[in-house]
Amino acid sequence: MKKNNKERNEVLLLIVLIVIIICMIAFFIISRLGSGSNLDKDVSVLETDEEIEVETEAATEGTTIDLLDLTVEAVELNEALYTAVGELNQSLQTFYEDNYDSGRLVSVYGYIYDADTMLPIEADEVSENVADELKYVNLLLIKPGDFEVCENSEYDVDVRVEDIMPFTSVLTDQGYLVSSAEYAGGVLTEDDYRSLVMRYNCGHGEIISPEKGSSLYEMIYNKVSEEWGEGSTVDVKYMGFDDKYGIVVANTLENPKEFKEYLFTKSGSSWTIKNKKLANKENVKQYVNELYPDLDLALLPYYNLALYDDFRTGLTGYYDTIVGNSELGVTEADLTDVYCLYTDGFIYYEFANEKRVVGYVDDEGVLTFYKAESTDQAVALMASLSDNPPVFIIKFS
């Protein structure tokens, strides 16, 4: 009898479990199909992520983006808001000063971005206690002098100051409250606020690399050659231009260890060298951004020349090894005219008859030489051996 009761209880328990499982499945299906369902929310999240990706990409490709999010709900402008904003401004100023030497804080469309990730800095990165009223606060990196464009608003800012500095912006029921730890700022109209941040619009057309032989390439090459002077054969390593700014990296065949990086600006149809110091700046993105905050940082090459300090040329001691390796195709006769440059574990040789060899020192300290049929193949080869290799050691002329 006890045995039968035990079996009956087990059967009842099994039935109860099955019923519970069926109910859970039914509830899940109903919740997924209902209005305002999780399914709808999942789709909206995907759409939001796509929008974020597009805006982030636009900030580095020169595409204009909408600088005002009109879907954000305005908050009431009152003493509590002023207090909360004042506290956040102090935290933002401290954050900016603490991170300044890292060189990672830059202005993109007027907003504070991380130069390494090219993503905006959020308020919760700046302060652990962000007031609810500041849920949609924007962190700006702008020049006080640019407030001059705000013709229809009152503000307390020294427009003589041209140094870039952090501000906050909050959409209130009376306009955009823009202020900083140093300046009380003011409440700007929508048009004035748009005019202010548009000063930092880095969308100046498509970024191109002028082809050799094109009128733009020849114009820029001649200007760079004039900088080096007579007797110098300039080898351009990189050119990046949009419709307002341009960046050029070059050295000479006579002294390949000395590099220069130029910043060009356009006026009408002519281009002028505005800065020649980029090659010496470790935080080059920050340096350029402070001078020209509307310059698209995607114009800069991926490498930073100032981080390379061990350049060597000559390196004739490897000639026997190279000539002795029949797969490299270099003979004694090719040693009459040699371009050679080493840095960061890579050696690039270009011998007579355009015979190219790339040497690479691996993590074990072993040096291996590879044959390259062209400069493009040399670039691809270096990229296959290391992330972000120093391709500027290649002879491009």
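The values are calculated or read from the model by the stated rules, or taken from the named source; none is laboratory data. This is a predicted model, so every value here is computed, not measured. Counting neighbours? That spans all protein chains shown, and the Cβs are built from the backbone with ideal geometry, glycine included. Note: areas computed on protein heavy atoms with side chains; ligands, DNA, RNA excluded. Shrake-Rupley method; radii C 1.70, N 1.55, O 1.52, S 1.80 Å.
Within the stretch 363-395, the set of residues being open to solvent by less than 30 Å² (accessible area, probe 1.4 Å) and part of a loop (DSSP other than H, G, I, E, B) comprises Pro389, Pro390, Ile394. Scanning the stretch 222-245 for residues that are without any contact (Cβ under 8 Å) to a residue 60 or more places away in the chain, of a type in the set (Val, Ile, Thr) and open to solvent by 10 Å² or more (accessible area, probe 1.4 Å) gives no hits. Cβ-Cβ distances below 9 Å connect the following pairs, each with a first residue in the stretch 160-180 that is of a type in the set (Asp, Glu), a second residue that is in a strand (DSSP E or B) and open to solvent by 20 Å² or more (accessible area, probe 1.4 Å), and a separation of six or more residues or different chains: Asp173/Val75. Would you pick out the residues in the stretch 156-181 that are under 25 Å from Ala80 (Cβ atoms) and open to solvent by 70 Å² or more (accessible area, probe 1.4 Å)? Asp156, Asp173, Gln174 - these are the residues of the stretch 156-181 that are under 25 Å from Ala80 (Cβ atoms) and open to solvent by 70 Å² or more (accessible area, probe 1.4 Å).
Applying a threshold of 8 Å to beta carbon distances and a minimum spacing of six or more residues, or different chains, the list of pairs starting in the stretch 246-257 at a residue that is over 22 Å from Trp271 (Cα atoms) and open to solvent by less than 60 Å² (accessible area, probe 1.4 Å) and ending at one that is among the aromatic types (Phe, Trp, Tyr) and at pLDDT 95 or above reads Leu253/Tyr339; Pro256/Phe311; Pro256/Tyr339. Within the stretch 49-100, the set of residues being open to solvent by 40 Å² or more (accessible area, probe 1.4 Å), part of a helix (DSSP H, G or I) and modelled with pLDDT of 95 or more comprises Glu79, Ala80, Tyr82, Thr83, Glu87, Gln90, Gln93, Thr94, Glu97, Asp98, Tyr100.
Looking only at residues in the stretch 346-362 that are acidic (Asp, Glu) and open to solvent by 40 Å² or more (accessible area, probe 1.4 Å), the one that is nearest to Tyr308 (Cα to Cα) is Asp362. Looking only at the stretch 262-291, residues that are under 20 Å from Cys202 (Cα atoms) and either open to solvent by less than 10 Å² (accessible area, probe 1.4 Å) or not in a strand (DSSP E or B) (or both) come to 15 in all. Could you please give the count of residues in the stretch 194-221 that are of a type in the set (Lys, Arg), within 25 Å of the chain's Cα centre (by Cα) and over 30 Å from Leu177 (Cβ atoms)? Residues that pass the stated criteria total 0. For the stretch 284-306, which positions are under 18 Å from Phe392 (Cβ atoms) and polar (S, T, N, Q)? Once the filter is applied, which keeps residues that are under 18 Å from Phe392 (Cβ atoms) and polar (S, T, N, Q), the stretch 284-306 yields only Asn304.
Listed by first and then second residue, the pairs with beta-carbon distance under 7 Å, at least 6 apart or on different chains, first residue in the stretch 368-388 and within 16 Å of Thr343 (Cβ to Cβ) and in contact (Cβ under 8 Å) with a residue 12 or more places away in the chain, second open to solvent by less than 70 Å² (accessible area, probe 1.4 Å) and part of a loop (DSSP other than H, G, I, E, B), are Ala378/Ile394; Val379/Ile394; Met382/Pro389; Asn388/Tyr303.
Being of a type outside the set (Asp, Glu) and touching a Leu at 6+ places or on another chain (Cβ under 7 Å) is a property that holds for Gly240. Asp296 passes every criterion in (1) surrounded by 14 or more Cβ atoms within 10 Å (Cβ to Cβ); (2) over 30 Å from Tyr109 (Cβ atoms); (3) within 33 Å of the chain's Cα centre (by Cα); (4) among the charged types (D, E, K, R) apart from (2).
Of everything listed in (1) over 24 Å from Tyr303 (Cβ atoms); (2) buried (at least 17 other Cβ atoms within 10 Å of the Cβ); (3) hydroxyl-bearing (Ser, Thr, Tyr), the single unmet condition for Thr331 is (2).
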